[in-house]
Amino acid sequence: MSLAAIPALSQKSFDITVVNDHQKDKENVPIVLKLEKYGIDVKSALVTDGGKEIPCQIDDINQDGTADELCFTTNVDAESSKKFNITLYDKGTPKKYEPQVYVEMLLSNKKVKESNKQNLYISQLTVDNGTNPYWTLHHHGAAFENDMVAYRIYFDHRQTVDIYGKYKKQLELKDTQFYPDKAQKAAQYGDDVLWVGSTLGLGTLRGWDGKQPTMLQDVDKRSQRIISRGPVRTIVEVKDKGWTPQPGMEPIDMTALYTLYAGRRECHVDVRFNKPAKGYLLSTGFINVKNSTEYSDKKGLRGCWGTDWPVSAKDSVGHKRETVGLGICIPEKYIVSEEPANKDNYAYVVKTDTDELHYMITFCSDNETFGYHSDKQWYDFLKEWKDDVSHPVTIK
């Protein structure tokens with residue numbers, strides 16, 4: 001082959017400025033660029049901050065083979081700006097950086113007795129109506145983490161979001177697989193810290209029958225898929241095709257992306273329907289942890305702080321009561337009502353007139369050496385969190 005026949009490397013380099021107009025510093029703020037407007041089929045990228053390379057990643061959100069987004073995280077001082085240089089390439093592969101997040105899906109291998117040594121890793125699974133893969137998947141669905149928090153999503157009609165609390169800042173799901181052994185517990189690895197049962201868990205999206213949340217039972221097909229494995233964010237997709245949220249309504253397809261960034265407690269829940277969902281009533285919120293106190297600003301920010309066993313009574317051997325703080329932040333435009341607490345949930349009724357719905361969830365464990373240890377501390381954090389996310393940076 002002649003040199004003229006070898007495809008030339010195409011690249012596009014440009015600067016962006018991230019502006020923080022808020023009067024408070026921002027830490028680990030996610031910066032996301034949509035790639036379609038740059039006119040290049042991006043295969044790899046380079047981001048520099050003051051000439052220094054920083055970790056970034058490109059993601060194919062809709063899994064069509066073309067990268068859709070570039071993302072990285074940064075700190076920005078109050079009322080200031082930072083400039084970054086971005087170079088996009090149409091050749092190569094994404095550079096490997098030290099992972100700051102982790103995600104996994106596994107099939108349960110009955111030949112492996114240890115709960116933290118499972119080895120049948122998968123990236124996606126789709127099942128037909130009437131099939132329940134809850135016991136087929138290890139830790140019952142996809143699990144993902146950064147160094148502060150870890151979440152999992154049940155793969156059944158509940159689709160509950162559950163949590164795993166940590167003692168130390170570290171990635172550990174690859175080692176514990178959500179079920180630490182005695183040695184790992186002695187070494188202060190984290191563990192499941194919340195019993196969710198059939199409640200809303202933390203921010204689970206369900207239907208609403210006029211009185212209470214409804215499960216996602218009337219679904220033609222349901223699936224979970226890992227969209228992104230890092231190094232700076234994980235994305236898990238949960239899809240329900242042909243779901244009937246209320247009896248008598250037309251079925252609707254729902255796709256939810258659960259995104260966790262490095263250095264952030266919150267998980268973004270971004271929901272898209274296959275058509276405008278006007279007229280459908282939905283619900284979300286979180287479990288009423290036993291003896292919990294509650295905070296609400298009556299404008300979409302709500303939290304609780306309480307203590308309970310993290311597992312059912314019959315499985316409590318080897319566990320201790322766990323104290324957790326839970327939180328949710330929902331834009332007011334989606335809220336129909338904030339329901340009073342009952343024995344199961346602190347719930348919201350929500351709706352959207354478009355084909356999208358967005359909110360965020362967060363939590364802490366009292367076990368953390370780096371976190372919060374009273375309801376006052378937790379509620380103060382929730383207020384600061386809402387103030388932070390309500391004043392996003394701008395990109396120029």
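The values are calculated or read from the model by the stated rules, or taken from the named source; none is laboratory data. Quick caveat, the model's predicted, so the values are computed rather than measured. Quick reminder, even Gly has a Cβ in these numbers, built from the backbone with ideal geometry, and neighbours come from all protein chains shown. Only protein heavy atoms, including side chains, enter the accessible area calculation; ligands, DNA and RNA are left aside. Shrake-Rupley method; radii C 1.70, N 1.55, O 1.52, S 1.80 Å.
For residue 290, the conditions (1) on the phi > 0 side of the Ramachandran plot; (2) modelled with pLDDT under 95 all hold with the exception of (1).
A single entry from 121, 89 fulfils the requirement of being modelled with pLDDT of 95 or more, in contact with a strand residue (DSSP E or B) (Cβ under 8 Å, 6 or more places away or on another chain), within 30 Å of residue 18 (Cα to Cα) and among the aromatic types (Phe, Trp, Tyr): 89.
With the requirement that a residue be in a strand (DSSP E or B), farther than 20 Å from residue 197 by Cα and either touching a residue at least 40 places away in the same chain (Cβ under 8 Å) or touching a Leu at 6+ places or on another chain (Cβ under 9 Å) (or both), what does segment 330-348 give you? If the condition is that a residue be in a strand (DSSP E or B), farther than 20 Å from residue 197 by Cα and either touching a residue at least 40 places away in the same chain (Cβ under 8 Å) or touching a Leu at 6+ places or on another chain (Cβ under 9 Å) (or both), then 336, 338 are the ones that fit.
Do you know which of the residues in segment 216-237 that are open to solvent by less than 20 Å² (accessible area, probe 1.4 Å) and outside any strand (DSSP E or B) is farthest from residue 204 (Cα to Cα)? The selected residue is 231.
A single entry from 346, 295 fulfils the requirement of being at pLDDT 95 or above, aromatic (Phe, Trp, Tyr) and open to solvent by less than 30 Å² (accessible area, probe 1.4 Å): 346. Contact map, segment 99-111: residues that are farther than 13 Å from residue 125 by Cα and in a strand (DSSP E or B) paired with residues that are of a type outside the set (Lys, Arg) and open to solvent by 30 Å² or more (accessible area, probe 1.4 Å), Cβ distance under 9 Å, separation 6+ or inter-chain. Pairs shown: 101/147; 101/171; 102/171. Looking at the structure I just gave you, is residue 368 part of a helix (DSSP H, G or I) and out of contact with any Cys (no Cβ under 9 Å at 6 or more places or on another chain)? Criteria not met by residue 368. So, residue 62, is that one touching a helix residue (DSSP H, G or I) at 6+ places or on another chain (Cβ under 9 Å), in a loop (DSSP other than H, G, I, E, B) and either open to solvent by 20 Å² or more (accessible area, probe 1.4 Å) or closer than 24 Å to residue 22 by Cβ (or both) or not? No. Within segment 238-252, track down each residue that is of a type in the set (Asp, Glu) and open to solvent by 40 Å² or more (accessible area, probe 1.4 Å). Correct list: 250 only.
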